[in-house]
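Participant: Take this structure, written in structure tokens, and hold onto it; I'll ask about it next.
The values are calculated or read from the model by the stated rules, or taken from the named source; none is laboratory data. Here the structure is a predicted model, which is why all the values come from computation and not from measurement. Don't worry about glycine lacking a Cβ; one is built from the backbone with ideal geometry, like all the others, and counts go over all protein chains shown. Side chains included, ligands, DNA and RNA excluded: accessible areas come from the protein's heavy atoms. Shrake-Rupley method; radii C 1.70, N 1.55, O 1.52, S 1.80 Å.
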Amino acid sequence: MTITHLKSGKTEADRAEDDAKTAAVVAATLKDIETRGDAAVRELANKFDGYDRDSYRLTQDEIDALIAKVSPRDLEDIKFAQTQVVNFAQAQRDSMLDIEVETMPGVILGHKNIPVQSVGCYVPGGKFPMVASAHMSVATAKVAGVPRIIACTPPFNGEPNPAVIAAMHLGGAHEIYVLGGIQAVGAMALGTETIDPVHLLVGPGNAFVAEAKRQLFGRVGIDLFAGPTETMVIADETVDAEMCATDLLGQAEHGYNSPAVLVTNSRKLAEGTLSEIDRILDILPTAGTAKVSWDDYGEVILCDTYDEMLAVADDIASEHVQVMTDRDDWFLENMTCYGALFLGARTNVANGDKVIGTNHTLPTKKAGRYTGGLWVGKYLKTHSYQKVTTDEAAAKIGAYGSRLCLLEGFVGHAEQCNLRVRRYGGQNVPYGEAAE
């Protein structure tokens, strides 16, 4: 196996050191929010966003006034994108069925899919107003039937971004707050004097937001570990360097720590992509961000075979994986660790980010090894139930239960079963002994 790194990013040790610094800041900030509530949230909002107001929750009049600032064309585009997301989420919801089965005469087992009762949706917006994130979190929660949906987004250029607020409102948010960063997710999860805590946190964010969600998990549920954007391009000579470079830098502009990786079996394409990246960075308006990400986190990995490309891709488990090869469906069939796949040159990650209908809140930092992305099912809890409807079934299942409990030494457990055997089966089982 020959795998060559033509370009590497920061080492794992350097990245771990960055993560440790972030974790310490987040822990101290969350403790402050839990201790001082609204006062801490206000101080953080002023410090990081330069934004202060009596209440960070928007009134209905303010929401209406902000939506009125959105041009008709922009509003139409928002509604179109939201429709695509809702339609796919509804199809997913329709696939999740409540079940009830009689597994043996008189024994009925089932499960119900019950919506989480409150959710806090974080919509990033400090650097770029992430209109699409409102569809992905808020609108999907509405499809799931969540009865209380609250949404937070930071101010953009000193005020709420009208398009983001419009998307939140149209998506179905019941409460909208102009808060960003750790203070937003901390307030939603921990609660303050004016914000009731939620049961589940969802939505992407920067490294601090992602770490805050990680530290809050257990106190509340979280959708997944969705930190800074990651992208991977898997390509062979069926595409050109311009296509690869464009798709890599198109995601690197998200932030200063957005990994972008090219995996290819073509040295010509690898070297051509490196040259194209330099050319595009000279003309890209967001090069000030994208170049930092590319310099620190960009990688070009040259493999000999498609099997090696697959192995490398599954090991990295990138959030977005753009596949442009002569065997795209082979990667779909065989890849096991990723956030979402974008198959063929005709599609791209930006489609998934903004409009095509799949959810753009996806696992990062190798979380794709154990979870997929945000979807309508994340807002649903599958709860089981059971009932025994005949005396015969109560005695039969009780006898098995009695013996299996005593096999483990649980006498009290066994007595729960024995009591049913006595009551409904007519068998006199001595206390602490197994039923026949």
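Participant: Can you tell me how many residues within region 290-305 are out of contact with any strand residue (DSSP E or B) (no Cβ under 8 Å at 6 or more places or on another chain), among the aliphatic types (A, V, I, L, M) and closer than 19 Å to residue 4 by Cβ?
Facilitator: 0
Participant: Right, another one. Working only within region 132-157, note down all residues that are open to solvent by 10 Å² or more (accessible area, probe 1.4 Å), part of a helix (DSSP H, G or I) and either touching an Asp or Glu at 6+ places or on another chain (Cβ under 7 Å) or without any contact (Cβ under 8 Å) to a residue 60 or more places away in the chain (or both).
Facilitator: Matches in region 132-157: 142 only.
To keep it simple, each residue is scored yes or no on (1) in contact (Cβ under 8 Å) with a residue 24 or more places away in the chain; (2) open to solvent by less than 60 Å² (accessible area, probe 1.4 Å); (3) within 14 Å of residue 359 (Cα to Cα); (4) in contact with a strand residue (DSSP E or B) (Cβ under 9 Å, 6 or more places away or on another chain).
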| residue | (1), (2), (3), (4) |
| --- | --- |
| 83 | no, no, yes, no |
| 89 | yes, yes, yes, no |
| 94 | no, no, no, no |
| 102 | no, no, no, yes |
| 105 | yes, no, no, no |
| 124 | yes, yes, no, no |
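Participant: Right, something else. Check 313, 399 and return the single one that is modelled with pLDDT of 95 or more, under 12 Å from residue 234 (Cβ atoms), surrounded by 17 or more Cβ atoms within 10 Å (Cβ to Cβ) and among the small types (Gly, Ala, Ser).
Facilitator: Numbers: 399 fails: under 12 Å from residue 234 (Cβ atoms).
Criteria check complete, one pass: 313.
Participant: Name every residue in region 317-339 that is surrounded by 19 or more Cβ atoms within 10 Å (Cβ to Cβ) and within 24 Å of the chain's Cα centre (by Cα), in order of residue number.
Facilitator: Of everything in region 317-339, those that are surrounded by 19 or more Cβ atoms within 10 Å (Cβ to Cβ) and within 24 Å of the chain's Cα centre (by Cα) turn out to be 317, 318, 319, 320, 321, 322, 323, 331, 338, 339.
Participant: Oh, and also: If you scan region 387-436, which residues turn out to be more than 25 Å from residue 111 (Cβ to Cβ), touching a residue at least 24 places away in the same chain (Cβ under 8 Å) and touching a Phe, Trp or Tyr at 6+ places or on another chain (Cβ under 9 Å)?
Facilitator: 391, 395, 435
Participant: Looking at region 338-360, can you tell me whether even one residue there is modelled with pLDDT of 95 or more, among the basic types (Lys, Arg) and in a loop (DSSP other than H, G, I, E, B)?
Facilitator: Yes - at least one qualifying residue is present in region 338-360.
Participant: Has region 219-228 got at least one residue that is modelled with pLDDT under 95, within 26 Å of the chain's Cα centre (by Cα) and closer than 16 Å to residue 294 by Cβ?
Facilitator: yes
Participant: Oh, and also: Quick one: how many residues across region 402-436 are of a type in the set (Ser, Thr, Tyr), at pLDDT 95 or above and either within 30 Å of residue 140 (Cα to Cα) or open to solvent by 50 Å² or more (accessible area, probe 1.4 Å) (or both)?
Facilitator: Number of matching residues: 1.
Participant: Note down all Cβ pairs under 7 Å where the first residue falls in region 305-333 and is without any contact (Cβ under 8 Å) to a residue 24 or more places away in the chain, the second is outside any loop (DSSP other than H, G, I, E, B), and they're at least six residues apart or on different chains.
Facilitator: 327/306; 328/343; 332/341; 332/343
Participant: As an exercise: evaluate residue 283 against (1) open to solvent by less than 40 Å² (accessible area, probe 1.4 Å); (2) at pLDDT 95 or above and give the number of the one condition it does not meet.
Facilitator: Unmet for residue 283, out of (1) open to solvent by less than 40 Å² (accessible area, probe 1.4 Å); (2) at pLDDT 95 or above: (1).
Participant: Before we move on, is residue 184 out of contact with any helix residue (DSSP H, G or I) (no Cβ under 7 Å at 6 or more places or on another chain), open to solvent by less than 10 Å² (accessible area, probe 1.4 Å), modelled with pLDDT of 95 or more and in a helix (DSSP H, G or I)? Walk me through how you get there before you give the answer.
Facilitator: Details: out of contact with any helix residue (DSSP H, G or I) (no Cβ under 7 Å at 6 or more places or on another chain): yes; open to solvent by less than 10 Å² (accessible area, probe 1.4 Å): yes; modelled with pLDDT of 95 or more: yes; in a helix (DSSP H, G or I): yes.
Yes; evaluated as a whole, the condition is true for this residue.
For every residue, the table says whether it meets (1) out of contact with any helix residue (DSSP H, G or I) (no Cβ under 7 Å at 6 or more places or on another chain); (2) outside any helix (DSSP H, G or I).
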{"residue": "27", "(1), (2)": "no, no"}
{"residue": "32", "(1), (2)": "no, no"}
{"residue": "42", "(1), (2)": "yes, no"}
{"residue": "51", "(1), (2)": "no, yes"}
{"residue": "66", "(1), (2)": "no, no"}
{"residue": "74", "(1), (2)": "no, no"}
